[in-house]
Amino acid sequence: MHALLGKITDIAPQQATASTAAAKVGHQLEVSLKAACVLPDRTKLPEWLQDQTLKVQRSVLDAREVGHLGDSIVLTPDESAHLLYPLEVEPTVVYGELPPTLQLHLRWWKDDKPPEFSVRANGRLQTGQWTKDDTGYSAAVATETFFDLLPKLPVSFEISCDKLKVSCTVLPVNEPSARKLLLPQGEVQHLENSWYAVDVTTRSHAGAIAAWREKGREVNHFEAPANLIQRAVDQSGYSDRYRTGWSWSDKIKDVAMDVAGARHESGATRLALEGTVEEGINLRTSAVCTLYDELPLLLWQRDYSFHKGKNDEKEKDAKPKEPIDDMQPMGLSFRAAARLDRDAAQGSRVLCADGKRLVVVREAEAHQMVRHWYWRMWDGWAIVEHPLRHEYQMYVFDRETPPHLVMWTGIHAMTLEPVWPTIPVRPEESVGYAVALSAGERCGATNAGAWVACRSRLPDGSVQCAAICRLRSAERVTSASTATFALAGTVQQAPLKSLLLPGVGEVWYAEAKFPQGSMDGAFDAKVAGIASRQQDRLNAHPPENNNGGDNESV
Amino acid sequence: MNLFNPRTFSTDWEIMVIDKLDRLVESEKLMALAGLLRREFDYPLDIDWMTLEFAMGINTSLDQIWERIQQVTDRAAQVVREFDCELFPAGGHPLMPLYNASHVHVGTIMNESQGIHLENQMMKYVPVFGALAANSPASRGQSGGFKSYRIRHQANGCTRPGFGRDPHLAQSTWGGDASPKMQGGLTMEVRILDCASSRRLLAEMATFVAAYVHYRGTRVEEYQPSPQEYEEHLTNRWAASRYGLQATFCWDGATCPVVEILDAMLDECAAELKDLGAKRSDLQLLNTMIEKRLCQADFVLDLATRYPDPWCLTSSYSKLVRHWDVFDEYLTTASPLEPAQPFNQESIVAEHLAVIGEGTHFYRSRETMLYPPPVADALIERMVEDGTIKREVTAERGILLHRIA
């Protein structure tokens, strides 16, 4: 979450209230400030905060904690939210039917009277005036006047006021869709199927996954820590990175992407992004996010391409060059961060396999970076497991050139940061990788393979279950190989089916539908003979269940 | 015998400089500020990583160093304010992996061999100095686990425990908690001390540390700690980093609150203090800290409870410590703290177990309390026997430890 850093223009002592007196607070102060930048990156202010005098309350033991006129003051994310995101609409996303009214709210401090708002949808425009309330200004807008007939979904209502914009989007129930959302925090590309709702930010990181909601349980696998000043997708989210030297380049963090297209095509919704990472060396990048209609499965493909540098013409008469001069070393990685459950025995951890063994890594201390350079994840998968909250994310990648396992344990988050070794790249060549993502509420992992399963409710009241699986040895999958789903005491078997993902290779999946299913009842699965990691298995560990052999039958 | 002649001392005080966007000023620009100050003061003022390093010249008394500290920092504060910056004296940065020190140089030592013997002897006492100076309880976004994260993390390699050197087998070293440093001035350098936030405390602490080292310099003899003694020194060092002046040390075969040891050390070096123009009653802050078991870290921890976000903490913390005496005031009003329980074998095992998750490389355990291999290995063996961990030996990944619930 972002927050404001301002400079103090006035400090006015306030009368102590009963609560501050009870709390033995030394000083109750009203601090006036002019915002200077947005933390944590100290980026420039949004236009509506330029030259505005803002006020915050401070209860402090020692007035020197606040400082003097001209000093800096840091607002908390909660204090900053209404200043950074002053225009809100409720609801922002709704399914199936138009909401009868849109509730608009505005915190306005620039002039005595806020400018009128406008709502645009279906080619129609409606403007209106705000009504003052306790926390700012509000308005209610009926939606029926925008459509003569029931519209085909999705549709969006775009609300504007001055330079502020937000939207309310009405999505179809249980139909795959891709839509741009104008959230108070900024624009995201929203992809949805019956399993997941995924928000891709295009404003930074050359495109990154900012939210990954499992619709069945309404769990956001990339939920950010609350009220903590943090970079977008730093503590929660998926982002890509590269390096042309020792360190990961920071340049990609500031790269905004153009949306090259979002469309639904046979069985999947695709979002394509394009951008330029470094002008000088003419490094361009593209990302394609594909959400499969019928499966809890997301495919993310990242490419970097080098083109002839813009200065090549100028350098014709410069010093002589050798082929090595045009070569760029290029190392690749992604960084998937998720909230950390810190518990040395049962907390968050990473599972993967190196071709023989199941590897389990759970660091007990903060600020631990684990790098394994001497082996690679030959089985082409890694699972980030949060047993205490039953959240599991599986990342599946190419087995021909698998990455090394790198992970980091922070204070609030744990990351998976697979690293592909640096390779030489010439102008007009490209490098990249693809990774398939699946998240759910059960997982299984042994040295024979791994899976993640989840469930979601369908509009007819039934519950669908599916598992995505990566197996070490596809030859061992027979026509009789199945996945078993158990939902609230009912058991179903489903055949394992193969799916070839570009850049990732073969994954297996199984799906089942429970007409009388429940989202509240117990859910479990067993896939290709690999049981789920239940409580009694949480502390099973490599020396016992992994003797280096391929000892799990499929 | 008197290893130090003449008796002198100084400090290298590393102080960050922060601007009005709460950014730390980079080393390149600090060079210019240090250069400006160096033109005005005849002290070797310089920079270290992201800090101005206030080297206070050669001092012979408490009054002298106190005067210099005030003069130099008053002027430095004025200089940086011309660029809308402030001095930010803190042992750790609440957000960044930066640790700062107030090294104390004790002179004048002519005999490096004797200095190495003294270094070995000082291993017992440097954890006491570490507890006294603890002032980095907020670092890299976390707070409260240790009163000196700087000591816990060996100041990113810049203060490490001694290891019993033999002058006949010695090479030049750097970065020990306390060791002779004769490449420039002829001093015994005590590096374990976290950066002070209080000017007066720094003056008192530097004087006391110097006096105590001078005192030990009258008793130098060939000394190598026994394995048992060495283990105790390292345990005490750990206790200092975790508990500051609440720590209870293993001391001469018994357990003893560190404040009682400190109290005795202050009395032991009364004559040397006198040589430095001081008597114990001049060290008001130290006496109150001993009485209340409070160190600077406790002040920061109180602040951190009110500013849980490290950005907000950094902002308020930097504004308070620029006044130099907030800790001095805090000492007068804060309530005394209780001593922590002494470490015993069970709690030592627990400390080691706490760093082990799953697939944890066994060297994490080495790094916990920095025990030498036989002691650290015995602890791993004990945990294996207790059934709290399992050990896995792999060719590619080395020795891995797995916690069992």
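The values are calculated or read from the model by the stated rules, or taken from the named source; none is laboratory data. Quick caveat, the model's predicted, so the values are computed rather than measured. With ideal geometry, Cβ positions are generated from the backbone for all residues, glycine too; neighbour counts draw on all protein chains shown.
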Test set (1) closer than 19 Å to B:D386 by Cα; (2) within 13 Å of chain A (Cβ to nearest Cβ); (3) free of Cβ contacts under 8 Å to residues at least 60 places away in the same chain - B:E351 fails condition number: (3)
Qualifying residue in segment B:17-34 (condition: within 19 Å of B:G184 (Cβ to Cβ) and in contact (Cβ under 8 Å) with a residue 24 or more places away in the chain): no
Residue, nearest to the other protein chains (Cβ to nearest Cβ), within segment A:54-100, restricted to residues that are closer than 22 Å to A:A197 by Cβ and charged (D, E, K, R): A:E88
Sole residue being modelled with pLDDT of 95 or more, within 14 Å of another protein chain (Cβ to nearest Cβ) and buried (at least 23 other Cβ atoms within 10 Å of the Cβ), chosen from B:S102, B:S139, B:S148: B:S139
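Against the condition at the interface with chain B (Cβ under 10 Å from one of its Cβ atoms), surrounded by 18 or more Cβ atoms within 10 Å (Cβ to Cβ), modelled with pLDDT of 95 or more and under 30 Å from A:F117 (Cα atoms), how does A:L5 come out, does it pass?
Numbers: at the interface with chain B (Cβ under 10 Å from one of its Cβ atoms): yes; surrounded by 18 or more Cβ atoms within 10 Å (Cβ to Cβ): yes; modelled with pLDDT of 95 or more: yes; under 30 Å from A:F117 (Cα atoms): yes.
Criteria met by A:L5.
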Number of the condition not met by A:A36 [criteria: (1) surrounded by 19 or more Cβ atoms within 10 Å (Cβ to Cβ); (2) touching a helix residue (DSSP H, G or I) at 6+ places or on another chain (Cβ under 7 Å); (3) within 11 Å of another protein chain (Cβ to nearest Cβ); (4) part of a strand (DSSP E or B)]: (2)
Residues satisfying the stated conditions in segment A:448-475, i.e. closer than 20 Å to A:I383 by Cβ and modelled with pLDDT under 90: A:R472, A:S473, A:A474
Residue in segment B:362-382 that is assigned to a loop (DSSP other than H, G, I, E, B) and among the hydroxyl-bearing types (S, T, Y) present: yes
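Rundown of residues vs (1) under 20 Å from A:Y433 (Cβ atoms); (2) within 11 Å of chain B (Cβ to nearest Cβ); (3) at pLDDT 95 or above, yes/no style:
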site: A:K316; (1), (2), (3): no, no, no
site: A:P323; (1), (2), (3): no, no, no
site: A:R342; (1), (2), (3): no, yes, no
site: A:Q346; (1), (2), (3): no, yes, no
site: A:G355; (1), (2), (3): yes, yes, no
site: A:W373; (1), (2), (3): yes, yes, no
site: A:A382; (1), (2), (3): yes, no, yes
site: A:F397; (1), (2), (3): yes, no, yes
Filter result (within 26 Å of B:V259 (Cβ to Cβ) and more than 10 Å from every other protein chain (Cβ to nearest Cβ)) within segment B:354-392: B:M369, B:L370, B:Y371
The listed residue being out of contact with any Cys (no Cβ under 9 Å at 6 or more places or on another chain) and either under 28 Å from A:D71 (Cα atoms) or touching a residue at least 40 places away in the same chain (Cβ under 8 Å) (or both), out of B:D74, B:D42: B:D74
Failed item, numbered, when B:A340 is tested on (1) outside the structural domain of B:A239 (by TED's automatic domain parsing); (2) touching a residue at least 60 places away in the same chain (Cβ under 8 Å); (3) assigned to a helix (DSSP H, G or I): (3)
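In segment B:293-306, is there at least one residue being within 9 Å of chain A (Cβ to nearest Cβ), over 24 Å from the mean Cα position of the chain (by Cα) and without any contact (Cβ under 8 Å) to a residue 40 or more places away in the chain?
Just the residues of segment B:293-306 that are within 9 Å of chain A (Cβ to nearest Cβ), to begin with: B:302-303, B:306.
Applying the additional criterion that residues be over 24 Å from the mean Cα position of the chain (by Cα) yields B:306.
Checking which are without any contact (Cβ under 8 Å) to a residue 40 or more places away in the chain leaves us with B:306.
Yes; the residues of segment B:293-306 include at least one that is within 9 Å of chain A (Cβ to nearest Cβ), over 24 Å from the mean Cα position of the chain (by Cα) and without any contact (Cβ under 8 Å) to a residue 40 or more places away in the chain.
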Which listed residue is surrounded by fewer than 22 Cβ atoms within 10 Å (Cβ to Cβ), in the same structural domain as B:A240 (by TED's automatic domain parsing) and part of a helix (DSSP H, G or I), from B:D298, B:D263: B:D263
Some residue of segment A:495-509 being assigned to a strand (DSSP E or B) and closer than 18 Å to A:G461 by Cα: no
Complete set of residues in segment B:230-255 that are surrounded by fewer than 17 Cβ atoms within 10 Å (Cβ to Cβ) and free of Cβ contacts under 8 Å to residues at least 40 places away in the same chain: B:D252, B:G253, B:A254
